[in-house]
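Each remark here refers to the structure printed beneath this line.
The values are calculated or read from the model by the stated rules, or taken from the named source; none is laboratory data. The model shown is predicted, which means the values in this text are computed figures rather than measured ones. Heads up, the Cβs are rebuilt from the backbone with ideal geometry, glycines too, and the neighbour counts pull from every protein chain shown.
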Amino acid sequence: MGKTIIISNRLPLQINISENNKVEVTPSVGGLATGLKSFHQEGDSIWIGWTGIAEEDIPAELEDEVEAEVKKQRCVPVSLTSEEIEKFYYGFSNRTIWPLFHYFMEYTEFHNEHWEAYKQVNEKYAEAVVERLNDDDVVWVHDYQLLLLPDYIRRKKPKVTIGFFNHIPFPSSEVFRTLPWREEVLKGMLGADLIGFHTYDYERHFLRSVNRILRLDINFNSVNVGNRVVRSDSFPMGIDYKKFRKAAKDHKAQPRSENSDIQKKLDYHKYVTRNTKLILSIDRLDYTKGIANRIRAFGYFLEKYPEYQEKVRLIMLAVPSRTNVPQYQLLKKEIDELVGRINGKFATINWTPIWYFYRSMPFDNLIDLYTSSNVALITPTRDGMNLVAKEYIATRTDQTGVLILSEMAGAAHELNEALIINPNNFEQIVDTIKLALEMPEEEQIRRNKLLQKRLKRYNVEKWAKDFMKSLDNTKDSKKAFKAI
Ligand code: ADQ
């Protein structure tokens, strides 16, 4: 068996060039990078993807250094020009596929030049893969920016084993069929031997689209494409449970000394206003995450249950994301205003209802936030999985804490003991916040025990292993199919 080649749009690292012309390397933020990193670190794999910086922004004299930094982590850079980033990444990936697959049809744009760039960049990735590919290697392609890649690789290397995993929802065929390039996208995905989704529903939506649009017959979870069999299945992604557990334990034993403003706020909470309960909200700033409605619901909660004023605080962290896309800029503005309005309306001398941070932050702070919060409020309108929900539960070493989770997140299918809400039902959210704040500790522990057991078992390692094992099994069915 050869090596595994992981391919995703972004590498798990981000390159920046500082003002004094130094190469800076930081880890990428986001579900895919966090999840796959542990699989990559432990195995015999190489990872192909973009470094997060435009080709033109790397000075010629630093190119070798960038390459060397990337290579240290067994990664291979694909370089993208600013124009490609604009049309392929901000364009087709994030203004067409992302909103469409999350049911935001009013945000979905269809531009032919974005589609052309999408094809061209997928081809670029295919070339980077094929250059490093041996026949016995296994290729694992990730996510919605590279939907055409499995087919592009297959055309160049017909015999290679290819897996594809979609990290975001796959929408109902009624929504998917609105895409002008729907046939090409499905054919692109069907270049893989195995196509994975977080949930059974996404898988069924995909197969239904294949059936309706390409008129191919579905045989439970497989489809014959020419002389090949393509299988699909659901693989709910887990987290690196041990890592979060250990970090939470270490943190408890010795809180770090970093003097950031988030840290100062948390210290203030712990030592000065410790009777105030803390509700946590963490996401990339994205319209699919339901952040604006979450703030509105919190404001409504303070109004409906005024006895909680000065007794509870929402700590909200939004990580900047896709800041070039207009909807994200508008959302940022909306959130700034909403936070201002609620703080303006309810704040007292001793109490600000919402602490809001718009930035990325070190892992330590993330752990501090998880371990300090009584409730995690996660209310996406659509979310492929949502790893934050799982990370919150994993870090609760004393098993207290309540997770409020939207039923529209893939994670809701597994985390049955969380308080599950419909993100559009304000009354329900508000009453569930109250329920969470008043839940007896024994009940919190009873629920979290079960959740933790499941998360420990179905961790990211198991997810990757299950996927790779199923991918390996497709080799046998390939042989059997040929023999018929
Ligand atoms: P995302 O939309 O990025 O992922 P999510 O699954 O919640 O969403 O993952 C976010 C990750 O970023 C978490 O691992 C979290 O620890 C990390 N993170 C969040 N805020 C951070 C911060 N301020 N600083 C540092 N790290 C931070 C996409 C899909 C999801 C799917 C994942 C994985 O949209 O639905 O769960 O991929 O498949």
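Miscellaneous remarks
- Those strands (runs of 3 or more DSSP E) of the range 1-108 in which at least 2 residues are surrounded by fewer than 18 Cβ atoms within 10 Å (Cβ to Cβ), considering only elements entirely within it, cover 13-17, 23-27.
- Every residue from the range 336-369 that is more than 16 Å from the ligand (Cβ to nearest atom), farther than 24 Å from Ile421 by Cβ and outside any helix (DSSP H, G or I): Ala347, Thr348, Ile349, Asn350, Trp351, Thr352
- Within this structure, Lys332 passes the test of being part of a helix (DSSP H, G or I) and either under 23 Å from the mean Cα position of the chain (by Cα) or within 22 Å of Phe104 (Cα to Cα) (or both).
- Yes/no for Lys277 being surrounded by 15 or more Cβ atoms within 10 Å (Cβ to Cβ), out of contact with any helix residue (DSSP H, G or I) (no Cβ under 8 Å at 6 or more places or on another chain) and closer than 30 Å to Asn422 by Cα: no
- Across the range 325-349, the qualifying residues are those that are of a type in the set (S, T, N, Q) and under 14 Å from Leu285 (Cβ atoms), and the one among them that is modelled with the lowest pLDDT is Gln327.
- Selection status of Leu405, assigned to a strand (DSSP E or B), away from the ligand (no atom under 11 Å from the Cβ) and among the aliphatic types (A, V, I, L, M): yes
- Subset of the range 370-380 [within 12 Å of the ligand (Cβ to nearest atom) and either more than 21 Å from the chain's Cα centre (by Cα) or surrounded by fewer than 24 Cβ atoms within 10 Å (Cβ to Cβ) (or both)]: Tyr370
- Qualifying residue in the range 218-228 (condition: within 30 Å of Tyr458 (Cβ to Cβ) and among the aromatic types (Phe, Trp, Tyr)): yes
- Qualifying residue in the range 350-366 (condition: modelled with pLDDT under 95 and among the charged types (D, E, K, R)): yes
- Looking only at residues in the range 280-307 that are buried (at least 21 other Cβ atoms within 10 Å of the Cβ) and of a type in the set (Ser, Thr, Tyr), the one that is nearest to the ligand (Cβ to nearest atom) is Thr288.
- Among residues of the range 185-199 that are closer than 20 Å to Ser470 by Cα, those with a beta-carbon under 7 Å from a residue that is assigned to a loop (DSSP other than H, G, I, E, B) and aromatic (Phe, Trp, Tyr) at least six positions away or on a different chain give the pairs Gly196/Phe235; Phe197/Phe170.
- The helices (runs of 4 or more DSSP H) found wholly in the range 170-248 and carrying at least 1 residues that are within 16 Å of the ligand (Cβ to nearest atom) and buried (at least 19 other Cβ atoms within 10 Å of the Cβ) occupy 200-214.
- Among all residues of the range 382-391, there is none that is in contact with a strand residue (DSSP E or B) (Cβ under 6 Å, 6 or more places away or on another chain), within 14 Å of the ligand (Cβ to nearest atom) and at pLDDT below 95.
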